[in-house]
Amino acid sequence: MTDCYKFEKRLSDFLEGSLSTNEKESFERHLGKCAKCREKSEQVQLLRNTLSALPRHKTSPSFDAVLRSNIRREIKNGGSVFRFPKINFAWQLPVFAATAILFIALGILIDQAFIRNNQLSPIASANKIILESRTFDTPSPHKTFQESLKITNYVMDRSRSLERRDKKREYSQSLQVKGNTDFHPNDTRSFPSRTNFRATTVSVRF
Amino acid sequence: MTKQPIKNKPPTDEDLISRFQNDDLAAFDLIVHRYKNQLLNFAYRFLGNTEEAEDVVQETFLRLYRKKHAYRQIAKFSTWIYTITGNLAKTELRKRKRRKLISISDMGFEEKEYEIEDLRADTARDADEFLKEKIIQKAIDELPIGFKQVIVLRDIQELSYEEVGKILKIPLGTVKSRVNRARLKLQAKLKDIVDKNMIRQ
Ligand SMILES: [Zn+2]
């Protein structure tokens, strides 16, 4: 026996055809004699149709541009997007030597992978590493861009960690990095077509 | 069957997120492209406000960007991203409620919703559709959150019961009965609004 309470409770199962044959027949019998449930059933069915036919709202035309600028801010404000092995910037000489090598390697990497013209080789001396202002383009936005962003983030991360360090060490250092990312103005890509940064002067005094 | 011509098949969501987790940024763009409109519609129907919905979807993609490694292959990607949008939208709704408690002055807004000069549509049919949509959205807005969630996910976004259950982290049986009750409630509300509206006109 199906009563109004039971009918209402399982109305969706009925409308979506997930009742057993027996149940279904019992529900149909109830519908045949109960005008109230018949009306409710029709209205809920109508509601379902109406809901699925509602206009689909879309993002505004500026959505992609806003997302790009949000991501750009994200990159600049240090949410480190890519993960790097944490290097402990201790003040011991070996670590600095390692750092120096790293920056030289970085320079070489930039040279090889990105810099097409107007190159300046990174100058490294015992206590000074200079990476001069460099702009590198990313011809294909995928592979090489990832690399460039990694480098940008890497340098930015390092510079922050250097800045945070206590100045009263036996060395002084300054590393200025300005990361700039340019975005395609007219397409939907959320990522820069071009990244440049300026990294200057790490000086180490012993 | 043995050789699968995968080349022409579009990548699955799970392919894309896995590529993005391996720093393929083009995959991120594809995900954004694939999901932005459906998430916007979801957030809009849930919040009833375009600007808030847009913010919520922006934030969703930022979180994806920031926390891509939080996604694990055990879940469907769509479930995961819908959960993020859903949670953000819920938070937004709560914030708004708090704001509303403070300002009693916008209590008169209900009258305005149905005024004809509000309609941008130029043909009678469009106006009719527009009005209908407004009324339905109004009724959805008035539903309790739990009902609103299931009705939007199931009947508007047309996700399966299973997926709705996973997004909301509630058992399948509960989803089904909640959807049913939500439909009945919404239907009753609509009837109410339409009746009131008739009287006003
Ligand atoms: Zn009945």
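Of everything in the range B:124-158, what is open to solvent by less than 20 Å² (accessible area, probe 1.4 Å) and of a type in the set (A, V, I, L, M, F, W, C)? Give them in sequence order.
Listed by number, the residues that qualify are B:135, B:136, B:139, B:140, B:143, B:150, B:151, B:152, B:153, B:156.
When the range A:1-37 is examined, which residues are found to be within 14 Å of chain B (Cβ to nearest Cβ) and either charged (D, E, K, R) or surrounded by fewer than 12 Cβ atoms within 10 Å (Cβ to Cβ) (or both)?
Selection gives A:5, A:6, A:8, A:9, A:10, A:13, A:16, A:17, A:36.
Per-residue answers, yes or no, for (1) more than 20 Å from the chain's Cα centre (by Cα); (2) basic (Lys, Arg); (3) away from the ligand (no atom under 13 Å from the Cβ); (4) within 30 Å of residue B:26 (Cβ to Cβ):
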| residue | (1), (2), (3), (4) |
| --- | --- |
| A:3 | yes, no, no, no |
| A:15 | yes, no, yes, no |
| A:18 | yes, no, yes, no |
| A:22 | yes, no, yes, no |
| A:27 | yes, no, no, no |
| A:34 | yes, no, no, no |
| A:46 | yes, no, yes, no |
| A:59 | no, no, yes, yes |
| A:66 | no, no, yes, yes |
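Please go through the range B:31-48 and pick out each residue that is free of Cβ contacts under 8 Å to residues at least 24 places away in the same chain and more than 10 Å from every other protein chain (Cβ to nearest Cβ).
Listed by number, the list holds a single entry, B:34.
Give all pairs with beta carbons closer than 8 Å in which a residue from the range A:1-30 that is part of a loop (DSSP other than H, G, I, E, B) meets a residue that is within 15 Å of the ligand (Cβ to nearest atom) and of a type in the set (Ser, Thr, Tyr); count only pairs at least 6 apart in sequence or on separate chains.
Going by the 8 Å Cβ cut-off, the qualifying pairs are A:1/A:26; A:2/A:26.
Residue by residue through the range B:34-51, note down the ones that are assigned to a helix (DSSP H, G or I) and modelled with pLDDT under 95.
The first filter runs over the range B:34-51 and keeps only residues assigned to a helix (DSSP H, G or I), leaving B:34-47, B:50-51.
B:50, B:51 - these are the residues of the range B:34-51 that are assigned to a helix (DSSP H, G or I) and modelled with pLDDT under 95.
Of B:173, B:165, which residue is assigned to a helix (DSSP H, G or I), within 13 Å of chain A (Cβ to nearest Cβ) and modelled with pLDDT of 95 or more?
On inspection, the qualifying residue turns out to be B:173.
Within the range B:49-62, can you find the residues that are open to solvent by less than 20 Å² (accessible area, probe 1.4 Å) and facing chain A (nearest Cβ under 9 Å)?
Matches in the range B:49-62: B:53, B:57, B:58, B:61, B:62.
The values are calculated or read from the model by the stated rules, or taken from the named source; none is laboratory data. Since the structure is predicted, the reported quantities are computational estimates derived from the model, not experimental observations. FYI the Cβ positions are ideal-geometry reconstructions off the backbone, even for glycines, and counts take in every protein chain you see. With ligands, DNA and RNA removed, areas are computed over all heavy atoms of the protein, side chains included. Shrake-Rupley method; radii C 1.70, N 1.55, O 1.52, S 1.80 Å.
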